C-alpha cells in the first residue's frame with residue numbers, strides 16, 4: 001500500500017481539502033443554479049399545461065359555435081322558403 005501511495009504521490013491532506021472544496025462548489029451551484037432552474041421549469045410546465053387546456057376549451061367552443069351557426073342558417077333558410 002505504501003508503494004502505491006509513493007508511486008502516485010497521494011497526499012491525503014490534499015485529497016480531503018479537494019473533497020471539501022468540491023462539496024462547497026457543488027452546494028453553491030445547487031442553490032444558485034439548480035434550484036432556481038427547477039422552479040422555472042416547473043412554472044413553465046404549468047403555463048404550458050394551462051395553455052393546452054385553454055386550447056382544448058376554445059376548440060370545443062368553436063365546434064359548438066359552428067353547430068349553432070349551422071342550425072341558425074337552416075332555420076333562416078326554412079323561414080326564407
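Any read-out appearing in this document is the output of simple, stated calculations on the displayed coordinates, not a laboratory observation. From a predicted model like this one, the values you see are computed outputs, not experimental measurements. Quick reminder, even Gly has a Cβ in these numbers, built from the backbone with ideal geometry, and neighbours come from all protein chains shown.
The calculated 222 nm mean residue ellipticity attributable to helices in the chain amounts to -31000 deg cm²/dmol, summing -39500 (n - 2.57) over DSSP H runs of n ≥ 4 and dividing by all residues.
Distance between the modelled labels on residue 62 and residue 35, one decimal in nanometres: 4.3 nm (7 Å Cα→Cβ projection). The C-alpha atoms of the chain define a longest principal axis, and helix 12-29 lies at about 20 degrees to it.
Only one item in (i) 3, 16, 27, 25, 21, 7, 1; (ii) 3, 13, 13, 14, 20, 17, 12, 7, 2, 0; (iii) 3, 11, 7, 8, 7, 6, 7, 6, 6, 5, 5, 5, 4, 4, 4, 3, 3, 2, 2, 1, 1, 0 matches P(r) over Cα pairs in 5 Å bins from 0, in percent derived from the coordinates shown, and that item is (iii).
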